[in-house]
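The values are calculated or read from the model by the stated rules, or taken from the named source; none is laboratory data. The model shown is predicted, which means the values in this text are computed figures rather than measured ones. Cβ atoms come from the backbone with ideal geometry, glycine included; neighbour counts cover every protein chain shown.
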Amino acid sequence: MYNTNKFHFSKSLLHWYDSNKRDLPWRKTNDLYKIWLSEVMLQQTRVDTVVPYYLQWVEKYKSIRSVAKADYQKLLKLWEGLGYYSRCKNFHKACIITANDYDGEIPSDYLKFRALPGVGDYIAAAVFSIGLKQTYPAIDGNVKRVMARVLRIKNITKRNKKRIKNTLFEWMEPERPGDINQALMDLANRICRVDHAYCSTCPIDEICMAEKMSIPESYPAKVKKKVTPHKEIVAGIIWQGEKFLITKRPENALLGGLWELPGGEIESSETPIGALRRQIKEECDIDINIGKKVGYVKHAYSHFKITQTLFQCQTQESVKSMNKEYRWITPIEVNNYPFPKSNHKLFNILNSDGWNV
């Protein structure tokens, strides 16, 4: 059974891929650095979002060594808006290690590459299969979904994850393992989707056991999502003359290395103004005059959502103590620093209404 399935799986999937593959810039290169970069950017991010970021990055940084030598703040600015900023931090670290320890080339040893910051099983398998044509299945949530339907797996347990991996190892076309991995990604994107499986157009429907069931979309079983926590955040645009205060988030924190308008979470017993006054006193040891409310924005992160309210503020005091970097900047200098997307939403309100009013 498996030999027949293996033949049909690889032959039919590759035939379909050759005629239907997505036209993506990282599929037009054999440069391992560019393949690696694309896989880092594609983690938990839509393809159409990644394309312009990828093109800008490879235009500015053409090699692993150029990334290793780059100022991290400039890398963050280029990454700004792509989210999951730890990817950028880990990629920079991994490029530095690669430049120092492996002469600027991705290590040829799979386990050494896999051990680099931010690489892990999926990226290592994708890079080695696509760039080096080595037989490693690149398994993410999309591939698990496709293979769970092919094998009629209801629950993605540890045992079933191993079964999916072993099946892919057995069925992969050894001459084109990277194309098999990319074909599965395209299949998941276009045909074997989460809420609708277009089985009549699927190239591997003949060997798909879920296709024989009345509701193939019921495989694998959906995991109930936890309720997403919501946080109320307050921030101040604190003016001193024609400049306002920004602070830099700690490198090891969420959104580490990005700059932001100072403020923080509103505690249950506080008003927004009270919370802002407390936060600024604790963080900067200055007193502020809080003026009008500018507005608020909503933003979603991977594990929580926020509503962030902004107030116009004034101070005549200098920062007395600060356990993080800070700057006084003009509105035009916003473009020189990387900020979280929520702050850019606030800047958009300020751009519409006038900055210092």
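Laid out as a table, the results:
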{"item": "Filtered residue count, segment 38-60, keeping only those that are under 21 Å from Ala124 (Cα atoms) and more than 12 Å from the chain's Cα centre (by Cα)", "result": "4"}
{"item": "Segment 200-231, residues that are modelled with pLDDT under 95 and touching an Asp or Glu at 6+ places or on another chain (Cβ under 8 Å)", "result": "Asp205, Glu211, Glu217"}
{"item": "Any chance Leu187 is surrounded by 19 or more Cβ atoms within 10 Å (Cβ to Cβ), under 30 Å from Leu76 (Cα atoms) and of a type outside the set (Lys, Arg)", "result": "no"}
{"item": "Cβ pairs under 8 Å, 6+ apart, first in segment 47-60 and without any contact (Cβ under 8 Å) to a residue 60 or more places away in the chain and under 14 Å from Lys77 (Cβ atoms), second aliphatic (A, V, I, L, M) and outside any helix (DSSP H, G or I)", "result": "Tyr53/Leu82"}
{"item": "Residues of segment 209-258 classified as in contact with a strand residue (DSSP E or B) (Cβ under 8 Å, 6 or more places away or on another chain), within 30 Å of Arg145 (Cβ to Cβ) and part of a loop (DSSP other than H, G, I, E, B), total", "result": "2"}
{"item": "Unique match (being under 27 Å from Glu260 (Cα atoms) and more than 20 Å from the chain's Cα centre (by Cα)) among Asp31, Asp71, Asp23, Asp18", "result": "Asp71"}
{"item": "Identity of the residue in segment 285-308, in a loop (DSSP other than H, G, I, E, B) and more than 19 Å from Tyr326 (Cβ to Cβ), that ends up modelled with the highest pLDDT", "result": "Phe304"}
{"item": "Residue match in segment 215-231 (condition: in contact (Cβ under 8 Å) with a residue 12 or more places away in the chain, of a type in the set (Val, Ile, Thr) and over 30 Å from Ala138 (Cβ atoms))", "result": "no"}
{"item": "Among (1) in a loop (DSSP other than H, G, I, E, B); (2) under 14 Å from Ser10 (Cα atoms); (3) not aliphatic (A, V, I, L, M) - the single one Glu206 does not satisfy", "result": "(1)"}
{"item": "First in segment 323-339 and closer than 24 Å to Lys281 by Cβ, second anywhere and charged (D, E, K, R) and outside any loop (DSSP other than H, G, I, E, B), Cβ under 6 Å, 6 or more apart", "result": "Lys324/Lys248; Glu325/Lys248; Trp328/Lys243; Ile329/Lys243"}
{"item": "Subset of segment 33-48 (residues that are surrounded by 14 or more Cβ atoms within 10 Å (Cβ to Cβ) and either hydrophobic (A, V, I, L, M, F, W, C) or out of contact with any helix residue (DSSP H, G or I) (no Cβ under 7 Å at 6 or more places or on another chain) (or both))", "result": "Ile35, Trp36, Leu37, Val40, Met41, Leu42, Thr45, Val47"}
{"item": "Residue within segment 118-129 that is touching a Gly at 6+ places or on another chain (Cβ under 6 Å) and either in contact (Cβ under 8 Å) with a residue 12 or more places away in the chain or assigned to a helix (DSSP H, G or I) (or both) present", "result": "yes"}
{"item": "Residue that is surrounded by the most Cβ atoms within 10 Å (Cβ to Cβ) [pool: residues in segment 215-272 that are closer than 30 Å to Asp205 by Cα and not basic (Lys, Arg)]", "result": "Tyr219"}
{"item": "Conditions (1) of a type in the set (Phe, Trp, Tyr); (2) more than 28 Å from Pro52 (Cβ to Cβ); (3) in contact (Cβ under 8 Å) with a residue 60 or more places away in the chain: number failed by Tyr110", "result": "(3)"}
{"item": "Residue tally, condition closer than 16 Å to Val143 by Cβ and charged (D, E, K, R), over segment 10-20", "result": "0"}
{"item": "Matching residues, segment 298-355, being among the polar types (S, T, N, Q) and either loosely packed, with under 15 Cβ neighbours inside 10 Å or outside the structural domain of Glu265 (by TED's automatic domain parsing) (or both)", "result": "Ser302, Gln316, Ser318, Ser321, Asn323, Thr330, Asn335, Asn336, Asn348, Asn351, Ser352"}
{"item": "Residues of segment 74-98 satisfying the condition of being polar (S, T, N, Q) and in contact with a Lys or Arg (Cβ under 9 Å, 6 or more places away or on another chain)", "result": "Thr98"}
